[in-house]
1. State, to one decimal in nm, how far the label point of Ser223 lies from the label point of Thr202, with both points 7 Å from Cα in the Cβ direction.
2. How much area per residue is accessible in the stretch 1-72 when the probe is 1.4 Å and only protein heavy atoms are counted (Å²)?
3. Find how many whole Å separate the alpha carbon centroid of the stretch 1-70 from the alpha carbon centroid of the stretch 256-304.
4. Give the peptides 155-162, 196-203 in descending order of average Cβ contacts within 10 Å, highest first.
5. Using modelled backbone amide H atoms (1.01 Å from N, in-plane), which distant-in-sequence or interchain residues come within less than 5 Å of Ile187's amide H?
6. Would you mind checking the pairs Lys69/Lys182; Lys15/Lys81; Lys138/Lys266; Lys181/Lys266; Lys15/Lys300; Lys15/Lys48 and listing those with alpha carbons more than 20 angstrom apart?
7. Tell me which residues come under 5 Å, amide H to amide H, from Ile40 once H is placed; ignore anything under 5 positions away on its chain.
8. Based on the Cα coordinates of the stretch 4-54, what is the per residue volume of their convex hull in Å³?
Amino acid sequence: MYESITITGPTASGKTGKAVALAKALGGEIISADSRQVYIGMDLGTGKDLDEYDGIPYHLIDIAPAGEKYNLHRYVRDFRKAYDDIISRDRLPIICGGTGMYLETALSGVVLPEVERDETLRRSLQGLSLDQLTEILKNYKNLHNTTDIDTCQRAIRAIEIQEYYASHPEAAAEADKSRSKKINSLIVAVDIPREERRRRITERLDARINAGMIEEVKRLLESGISPEDLIYYGLEYKYLTLHAIGKLSYEEMRHDLEIAIHQFAKRQMTWFRGMERRGFTLNWLPYDLPDNDFVSAVLKLFTA
C-alpha cells in the first residue's frame, strides 16, 4: 500500500486547496515541495496562502530567512526529517508543491552530500555569460533541470556541484537515483487546460499585486536584503525588485512578469512529463473537481 500522497501540478492549478481537503479527510499533514515558500517574509510573491491551510499542520514553509540560498541538499534533509516524523505519529504525509526538482528528488529517496563553495572555481567562472556557463554544464550532465540555468549564479552553483561529484565519485554514487529507494507515494497531478491556467495566472498576479506584493518586496529590500539576492529567487522577486530599484516601469514589470510565469508553468508541465518518462506514475485529475469528488477519486486510487 502507499505510505503517502503527493499532490502536484502547475502553478495556479489549485493544488494546495486539494491537498488541504485530503488532509482534512484523511488525518494528514502537508509537506511543502516549493523551493521559495521556505523563506520567511516572502509570502505574496511565493503564493503561500497560509489561511488556506485552515488549521492543517504544514511543514517546510517559513524555515529559512529571506536572503539565504536554501538548496536541494537542505530540502532533501529537511523533507526526510518531516516525513519520518509524520509517519512516526501515525499521520499521513501529503506532499504538495510544484517545484519538480525538489519533488522528484525527495520521492526518489536520494541522499545528497553537502557541497561546499569552491571559491577558486567560482573565480574562474566569473564574467562568463549564461550561454557559456550552460555549455560548460552540458559537459557534465544532460540538462533535464532548466532551473539550473535560470541565472549565472545558479549555473555556477550547478557546475560547482558537478565538479565536486567528478572529484568525489563516492558522493556521486550516493546521489545516484538508480541506487536509491523510492518513497511509495501515490502521485496525483492536477490537470488544468492551458487557457484556463493562463487565465488563472493572470487573475492571481493582479490579485497579489493589489494585495501588496510590490510593498512586500520593498520591505524586504529595506530590511537589508540586497537586490541581487532577491533577483536570484526569480519570477516575482526578480521583476518586482527590478521595478522597485527603478530598472523597470510598472507596465514593463507587469508585462514581463506575466510572460515569465506563463513560461514557468510550461516548464513545470515539461518536468512532470519527464517524471513520467523517468518511471513515476502521475495520476491526472481535473482541476475543477469539487473537493469531495477529488477526495473520493484519490481514495479510490489510494486503496486500489
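The values are calculated or read from the model by the stated rules, or taken from the named source; none is laboratory data. Here the structure is a predicted model, which is why all the values come from computation and not from measurement. Please note: Cβ atoms are built from the backbone with ideal geometry, for glycine as well, and neighbour counts cover all protein chains shown. For the accessible areas, the whole protein counts, side chains as well, though only heavy atoms, and no ligand, DNA or RNA atoms are used. Shrake-Rupley method; radii C 1.70, N 1.55, O 1.52, S 1.80 Å.
1. 3.3
2. Spelled out: the 1.4 Å probe surface of the stretch 1-72, per residue, equals 34 Å².
3. If you average the Cα positions of each part, the centres end up 15 Å apart.
4. In decreasing order of mean packing, 155-162, 196-203 become 155-162, 196-203.
5. Correct list: Thr6, Asn283.
6. Lys69/Lys182; Lys15/Lys81; Lys138/Lys266; Lys181/Lys266
7. Ile63, Ala64, Ala66
8. Cα-based convex hull of the stretch 4-54, divided per residue, equals 85 Å³.
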